[in-house]
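A short worksheet on the structure shown next.
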Amino acid sequence: MIKGRGVARRFGDKRALEPVDFELHRGGFLVVTGPNGSGKTTLLRLCAGLLIPTSGELEVNATRGQLGYLAHDPLVYRELTAIENLDLYGRLYRVSERRERIGMLLERFGLWEARSERTGAYSRGMLQRLALCRTLLHDPELLILDEPANALDAAGEELLERELDDLRRERTLLVASHAPERLDRFATGRLALA
Amino acid sequence: MRQYLADAGALARKDLLLEWRARDTLPAMLLFVISVLVVFHFALPQNASERASLGLLWVAILFTALLGLGRAFVAEREQGVLDGLVLAPSDRSTIWVGKVISTLAFLVASELVALPAFALFFTSIDASTIAGVALADVGICAVGTVVAAMAAAGRARELLLPLLFLPLAIPIVVGGVGASLSASSGKYLGFLALYDAIFVLVAWAAFEYVVTE
């Protein structure tokens, strides 16, 4: 589903990602590891189509509508409520039975009670849960997750692991993590960036 | 086409809702345009010509629009939301259309206060001036939104926006002042309409390349 050959990215003089070769087959679960500054986020942004490689070849066989991207930032408006944010994305992603899907995700991620609060009042952990709802809203085939456990409490991490366990059976996942050992039982491959 | 308009409408509604809740753009634009008119009222001599005062009206409109454009992508930039919008399968130019609609709404709302205030402080406004302002608003918002998106991605964004926008807005001022003062105002209104047609098309087509690499 994703194939990279010598993929590298520079920002001016700074090399953000050293050339890397990797392949992620449909149904695979590739964990990207590496120290801070090794280029994990850059690689994920390249795969999501938010950046273009400065050298090498990158082939991603998924349309924008088939791709779910969880970034460092939750990518939600702080002046809107959780429902309003998800409704906007639901419209743009043409999610059928949008209200039911939003309700189901908010319930599943423990945000139903806070659904009508502006997200500016959310804790970092709640924002991460909302970001996961946003990522899964359109039921994407390819999931690109940048540090999905970021800011989650123990219950949130457990919930995330259950989700990943479900998702890996039917979806393709590319996940960057500082703590890859928690993902080892799901992973079909590991890509270590230096 | 229906889906395209629905997406643009949803994005514009979102911007209007954000402004309704945050109230950080429109009040600033209103306060600015009134302040500028008051300052000009005292700065211009009593016997200042109509020509000078109408010129100042266009300066006030342009700088008020600049204030609104400077805030057009603040929520997207500060909260990183632009990535989320760009990744959605909807046509990326709908982001531009949505922003143009909301910026236009703020600008028109400012002018609904500014034009009567101008008439009160300076001189009466005729139909050709109002038509000129309406046509200029479209051009200002179309071009300004693309430039604002470019500036939002840069580091010196406060500097970049006026530096990129003001030279592109010179024809709008030429057309606007001409429509307000010239005996053959139709010619200038036609010029503004032509500017709008060309730059709306260019801005619409260019936006995707501005928000992606």
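For this structure, a couple of remarks:
- Unmet requirement for A:A48, which otherwise passes all of (1) facing another protein chain (nearest Cβ under 7 Å); (2) buried (at least 19 other Cβ atoms within 10 Å of the Cβ); (3) under 19 Å from B:K14 (Cβ atoms): (3)
- Check on B:F63, away from every other protein chain (no Cβ under 14 Å) and touching a Ser or Thr at 6+ places or on another chain (Cβ under 8 Å): no
- Among the residues making up the range B:191-213, those that are of a type in the set (G, A, S) and surrounded by 14 or more Cβ atoms within 10 Å (Cβ to Cβ) are B:A193, B:A203, B:A206.
- Filter result for B:S110 (touching a residue at least 24 places away in the same chain (Cβ under 8 Å), of a type in the set (S, T, N, Q) and closer than 13 Å to B:L189 by Cα): no
- Given (1) in the same structural domain as A:R78 (by TED's automatic domain parsing); (2) outside any helix (DSSP H, G or I); (3) surrounded by 15 or more Cβ atoms within 10 Å (Cβ to Cβ); (4) touching a Lys or Arg at 6+ places or on another chain (Cβ under 7 Å), index of the condition A:L106 fails: (2)
- Tally of residues being buried (at least 24 other Cβ atoms within 10 Å of the Cβ) and facing another protein chain (nearest Cβ under 7 Å) across the range A:65-75: 2
- Reported count of residues in the range A:3-40, each being of a type in the set (A, V, I, L, M) and over 23 Å from A:E161 (Cα atoms), is 5.
- Flag for B:A119 being more than 25 Å from B:L163 (Cβ to Cβ) and modelled with pLDDT of 95 or more: no
- Qualifying residue in the range A:82-97 (condition: surrounded by 20 or more Cβ atoms within 10 Å (Cβ to Cβ), among the hydroxyl-bearing types (S, T, Y) and touching a helix residue (DSSP H, G or I) at 6+ places or on another chain (Cβ under 6 Å)): yes
- B:F165 being in contact (Cβ under 8 Å) with a residue 40 or more places away in the chain and either under 30 Å from B:A52 (Cα atoms) or surrounded by fewer than 19 Cβ atoms within 10 Å (Cβ to Cβ) (or both): yes
- Residue ranges of strands (runs of 3 or more DSSP E) in the range A:1-97 with at least 3 members in contact with a Lys or Arg (Cβ under 8 Å, 6 or more places away or on another chain) and over 30 Å from A:S116 (Cα atoms): A:14-24, A:29-33, A:55-60
- In this entry, A:K3 passes the filter for residues that are more than 14 Å from chain B (Cβ to nearest Cβ) and touching an Asp or Glu at 6+ places or on another chain (Cβ under 6 Å).
- Residue in the range B:14-25 that is under 23 Å from B:F207 (Cβ atoms), within 14 Å of chain A (Cβ to nearest Cβ) and surrounded by fewer than 18 Cβ atoms within 10 Å (Cβ to Cβ) present: yes
- Among (1) free of Cβ contacts under 8 Å to residues at least 24 places away in the same chain; (2) touching an Asp or Glu at 6+ places or on another chain (Cβ under 8 Å); (3) within 10 Å of chain B (Cβ to nearest Cβ), the one test that A:R98 misses: (3)
The values are calculated or read from the model by the stated rules, or taken from the named source; none is laboratory data. Everything numeric here is computed off the predicted structure, so don't read it as measured data. Every residue, glycine among them, receives a Cβ derived from its backbone with ideal geometry; neighbour counts consider all protein chains shown.
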